[in-house]
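Beneath this line is the structure, given in structure tokens, with notes to follow.
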Amino acid sequence: MYHAVDRDPAPAVLGLSVTPEAFAAQMEVVAERGFTPLTTAGLAAAWRSGGPLPARPLLVTFDDGYEGVHRHALPVLAEHSFASTVFVSTGWLRGKYDEGGALDTMLDWSQVRELADAGTEIGGHSHTHPQLDQLDARRLRFEALRCHEIVGEELGTAPASFAYPYGYSSRRVRHAVREAGFAQALAVGNALARRRQGPYALERVTVRRSTGIEEFTRLVEGRAVARNFAADRAMTKGYALARRARGAVRGHWI
């Protein structure tokens, strides 16, 4: 799971960004180790049908829709003929649907179309990037459905995959995402994706500014993932309890 790819991102996204040079080096590792990136929809389709997966399948995903994904990541992905998925928050992208609130320079819709034309899967990431599990039913439905509608209108093809903002979801959120028309969704979890997680709770591993090439190599090889993210997982459990308590007070915690 990537976010911004930029040498000098905004402070708000610095920790979850990577430099273009780091991204290029990481994709070189993916190539050298014989991994085959595929789209989120491609993985889900294979798991649903029982069809074959390519050698050492791997997802390369980008959340939010930062402009550097087009500027810096796309040429590297094209060089290796790697598939990827970009999950866009439609109300953050530059253009007529922009609601404000974006943390850095975002893609515009012409760039999104260029990514799609290059074979990148464009998925949904809500409309305005809220914590979906804290929303009431009306707003939750709007966030999922509006995102689905806008991507479909702009690209001519309805998006199939979704990623939860901040990785936060619940049974209620997953139901809303499914009802909006998405066929599968990714969380964070900082663990390897497994079929048993189900199509609406597949987990990913975070790549950060601080992720060195040796650590990245271990992560894509699936080595020491639990140990590497032990602190993150503990914090995630704490956040989940706090969010669940807030949701219970508001009457929509399930």
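Under the convention that each Lys and Arg Cβ holds +1 and each Asp and Glu Cβ holds -1, the size of the dipole of the stretch 80-123 around its Cα centre is about 60 debye. The charge dipole of the chain, taken about its Cα centre with unit charges on the Cβ atoms of Lys, Arg (+1), Asp and Glu (-1) only, comes to about 1520 debye. Working note: Cα atoms of the stretch 1-42, range along each principal axis, descending, whole Å: 34, 24, 11. Relative contact order, whole percent, for the chain stands at 18, derived from Cα pairs under 8 Å and 6 or more residues apart. A Gaussian network model of the chain, with springs between Cα atoms under 10 Å, assigns the largest mean-square fluctuation among 183, 12, 116 to 12. Taken along the Cα-to-beta-carbon direction at a fixed 7 Å, the label points for residue 78 and residue 214 span 3.5 nm. Each residue of the stretch 84-96 was assigned a 3J(HN,Hα) from its phi angle through the Karplus curve 6.51 cos²θ - 1.76 cosθ + 1.60 (θ = phi - 60°); the sequence is 7, 10, 10, 9, 9, 8, 5, x, 9, 6, 5, x, 6 Hz, with glycine and proline shown as x. Solvent-accessible area per residue in the chain equals 46 Å², computed with a 1.4 angstrom probe and all protein chains kept.
Per residue, how much space in cubic angstrom lies within the convex hull of the C-alpha atoms of the stretch 138-188?
Working: hull volume 3.6 nm³, N = 51.
Output value, Cα hull per residue: 70 Å³.
Ordering 77, 202, 27 by Cα displacement along the dipole of the chain toward the positive end leaves 202 in first place; charges were set at the Cβ atoms of Lys, Arg (+1) and Asp, Glu (-1).
Between residue 33 and residue 7, what's the calculated FRET efficiency when r is the beta-carbon distance and R0 is 30 Å? Round to 0.05.
Details: r = 26 Å, r/R0 = 0.86.
Rounded to the nearest 0.05, the efficiency is 0.70.
For the chain, would you read off the P(r) tail past 31 Å as a percentage of all alpha carbon pairs? Above the 31 Å cut-off, the chain has 18 percent of its Cα pairs.
What's the long-distance tail for the stretch 93-133, i.e. % of Cα pairs beyond 11 Å? Considering the stretch 93-133, 70 percent of its Cα-Cα pairs are separated by more than 11 Å. Counted over the chain, the DSSP beta bridges are approximately 5% antiparallel.
For residue 194 and residue 139, the difference between the fully extended length at 0.36 nm per residue and the C-alpha to C-alpha distance is 16.8 nm.
What is the dipole size for the stretch 101-170, taken about its Cα centre, with +1 at each Lys and Arg Cβ and -1 at each Asp and Glu Cβ, in debye to the nearest 20?
On the way: 5 positive and 11 negative charges, 63 e Å.
Using Cβ point charges on Lys, Arg, Asp and Glu, the stretch 101-170 gives about 300 debye.
Rolling a 1.4 Å probe over the protein heavy atoms leaves residue 2 with an accessible area of roughly 10 Å².
At most 14 other C-beta atoms within 10 Å and a DSSP loop state: those are the exposed GluC sites (Glu not before Pro) I care about. Give me the longest piece of the chain that has none.
On the way: sites that count: 99, 221.
Value returned for the longest uninterrupted segment is 100-220.
Coordinate range of the alpha-carbon atoms in the stretch 68-186 per principal axis, descending: 43, 27, 25 Å. Sorted into 5 angstrom bins from 0, the C-alpha pair distances of the stretch 145-219 split as 3, 15, 22, 19, 15, 13, 8, 5, 0 percent.
The values are calculated or read from the model by the stated rules, or taken from the named source; none is laboratory data. For clarity, every value in this text was computed on a predicted model and none was experimentally measured. Cβ sites come from the backbone with ideal geometry, for glycine too, and all protein chains shown count toward neighbours. Only protein heavy atoms, including side chains, enter the accessible area calculation; ligands, DNA and RNA are left aside. Shrake-Rupley method; radii C 1.70, N 1.55, O 1.52, S 1.80 Å.
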